[in-house]
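Read the structure below first, then the notes.
The values are calculated or read from the model by the stated rules, or taken from the named source; none is laboratory data. Everything numeric in this text was worked out from a predicted model, so none of it was measured. We place every Cβ from the backbone using ideal geometry, glycine too, and count neighbours over all the protein chains shown. Just the protein is used for accessible areas: all its heavy atoms, side chains included, with ligands, DNA and RNA removed. Shrake-Rupley method; radii C 1.70, N 1.55, O 1.52, S 1.80 Å.
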Amino acid sequence: MKKINQYIDEVFTQQDAVLDEVLASIKEKGMPEISVSPAAGKWLSMLVAMTGATNVLEIGALGGYSGIHLARGFGKDGTLTSLELEDTYAEVARTNLAKAGFHDQVTYITGPALDSLATLAKEKRTFDFFFIDADKGNYENYLEACIQIAELGAVIAADNVLARGSVAEDTIEPRKYTETMKEFNRKTANHPQLESLLLPVGDGLTVSQVKKKNESRAL
Ligand code: SAM
């Protein structure tokens with residue numbers, strides 16, 4: 001898995017001074033080095049561009065690495081709303097998005113994402129692309145909250161769904177993290193309002209499209 005990912009990153013992604021600087025800023029500030037992989041970032045960019053999404057919501061900003069990829073997907077024509085628990089991380093992400101040329105297209109909302117999602121729902125805000133990449137224990141809650149504020153046909157992507165490959169292993173002692181992601185995968189696979197597939201990019205990225213309840217085909 002690690003070797004395959006290294007190979008994909010090497011062949012399909014390029015050296016990028018802006019993104020290298022983001023990773024350096026995360027390291028320098030002692031923040032966790034858990035940004036999406038280069039290939040997963042590129043895939044997010046491509047998904048936003050391919051779907052023509054212009055109103056993107058991210059859950060889990062960290063230093064803005066995935067945020068830059070998402071913003072590059074919509075270029076000058078969209079906005080990113082990013083939910084982040086930590087004020088200091090949101091500040092780093094804001095600085096990095098500004099350096100990447102997106103300062104007037106990104107809004108950070110700090111605090112627990114579930115609260116922020118409830119506020120966005122109350123304000124009747126809607127989005128056409130979502131990226132879930134925060135605390136894994138809330139993934140199922142995030143998924144339902146995103147569906148509530150999704151436009152029909154919106155895409156919901158979620159990272160780390162392979163839990164470092166452990167979801168596919170038979171272990172005698174199930175680990176909480178693995179079980180959480182397995183449950184999330186079952187949920188996205190069988191949700192009556194989603195058409196979903198898990199792609200083995202980075203640590204696994206599920207891509208779902210929001211459809212009418214129980215519609216038998218993808219939009
Ligand atoms: N998406 C980022 C990237 O690839 O550049 C990485 C995000 S990192 C894996 C997870 C982020 O979620 C952290 O910045 C963490 O502070 C944030 N987080 C954790 N729990 C949260 C919560 N309850 N609400 C909002 N953000 C949360």
> Here are some conditions: (1) within 14 Å of the ligand (Cβ to nearest atom); (2) under 30 Å from residue 152 (Cα atoms). Residue 21 meets all but one. Which one does it not meet?
Replying inline: (2)
> Is it the case that segment 87-94 has a residue that's at pLDDT 95 or above, under 20 Å from residue 18 (Cα atoms), within 7 Å of the ligand (Cβ to nearest atom) and surrounded by 16 or more Cβ atoms within 10 Å (Cβ to Cβ)?
Replying inline: yes
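Taking the criterion of being on the phi < 0 side of the Ramachandran plot, outside any helix (DSSP H, G or I) and either open to solvent by 20 Å² or more (accessible area, probe 1.4 Å) or within 14 Å of the ligand (Cβ to nearest atom) (or both), would at least one residue in segment 66-75 satisfy it?
Quick first cut of segment 66-75, residues on the phi < 0 side of the Ramachandran plot only: 66-74.
Okay, now just the ones that are also outside any helix (DSSP H, G or I), so none.
Among the residues of segment 66-75, not one is on the phi < 0 side of the Ramachandran plot, outside any helix (DSSP H, G or I) and either open to solvent by 20 Å² or more (accessible area, probe 1.4 Å) or within 14 Å of the ligand (Cβ to nearest atom) (or both), which makes the answer no.
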> Any residue at all in segment 95-105 that is near the ligand (Cβ under 10 Å from one of its atoms), buried (at least 20 other Cβ atoms within 10 Å of the Cβ) and either in a helix (DSSP H, G or I) or under 18 Å from the mean Cα position of the chain (by Cα) (or both)?
Replying inline: yes
> How many of the residues making up segment 28-64 are more than 13 Å from the ligand (Cβ to nearest atom) and part of a helix (DSSP H, G or I)?
Replying inline: 7
> Out of curiosity, is residue 44 modelled with pLDDT of 95 or more, at negative phi and either surrounded by 18 or more Cβ atoms within 10 Å (Cβ to Cβ) or in contact with a Cys (Cβ under 8 Å, 6 or more places away or on another chain) (or both)?
Replying inline: yes
>> So for segment 22-35 (the condition being open to solvent by 50 Å² or more (accessible area, probe 1.4 Å), farther than 16 Å from residue 130 by Cβ and in contact (Cβ under 8 Å) with a residue 40 or more places away in the chain), does at least one residue qualify?
In response: yes
